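Every number here is computed from the coordinates shown, using simple stated rules; none is lab data. All figures in this text were calculated on a predicted structure; none of them were measured in a lab. A quick note on method: Cβ atoms are made from the backbone with ideal geometry, for glycine too, and the neighbour counts reach across all protein chains shown.
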Amino acid sequence: MNRNGTVLAWIRPQLFAMRTLLIALALLPLVAFTQSTVKSTAGIQWLSIEEAQARTKKEPRPLMVDVYTSWCGPCKMLDAKTFSDPRLAEFVNKHFYPVKFNAESGGSVTFNGQKLENPEYDAARATGRNGTHQLTYAIANVQGRIAYPTVVYIDSDLNVLAPVQGYLTPDQMEPILNYFGGSHYKAKDYQTYMSEFKPKWGTP
């Protein structure tokens, strides 16, 4: 297993206990969130994928891409309980170019010089389940499986470092954000890093 693959192995056991809660959340009322109306959530300065690529060319930073859908309950929980955390938002804005990407959106995007589309998109199903965008397959695929939400970490050269699937709390995201945002992944694997990591975030 490579360095960044250990991130996924370390997180999966923590997510197992949350499955019942996540299934319940998926039944919450749905609110459409289209790719054309990307907005800031409690201080996170969300960008489009094209904007993030342009910025990292001028001032290199990794990208953090929130791959979500309009019907996904855990995605809404990630927005409401994790991305709204002021400590997390401050760290993300300082160390990443944050991107919010609707995994089932209909528009084309350009990533790493390649035009990607959603040929199965159906405008009649815009507020519900739809076809999966080619960018989603390109960056959020974990061993052939697509799940939502997936937060994808990408380096400044646009190499995918790790797609991390499932809902995480701010405290669970802290070491992952620090690992990639602080460039620790360049020097050590995730297990070694975690053996040394000392969390700085507690209950606000």
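In a fully extended conformation the segment linking ALA147 and GLU59 would gain 28.6 nm over its present Cα-Cα distance, using 0.36 nm per residue. For segment 96-174, trypsin sites (Lys or Arg not before Pro) are listed when DSSP marks them as loop and at most 15 other Cβ atoms sit within 10 Å of their Cβ; the list is ARG129. Bridging of LYS100 to lysines at a Cα separation below 24 Å is possible for LYS39, LYS57, LYS58, LYS76, LYS81, LYS115, once same-chain residues fewer than 8 apart are set aside.
Give me P(r) over segment 115-204, computed from all C-alpha to C-alpha distances, binned every 10 Å, as integer percentages. Going from the shortest bin to the longest, the percentages are 14, 37, 30, 14, 5, 0.
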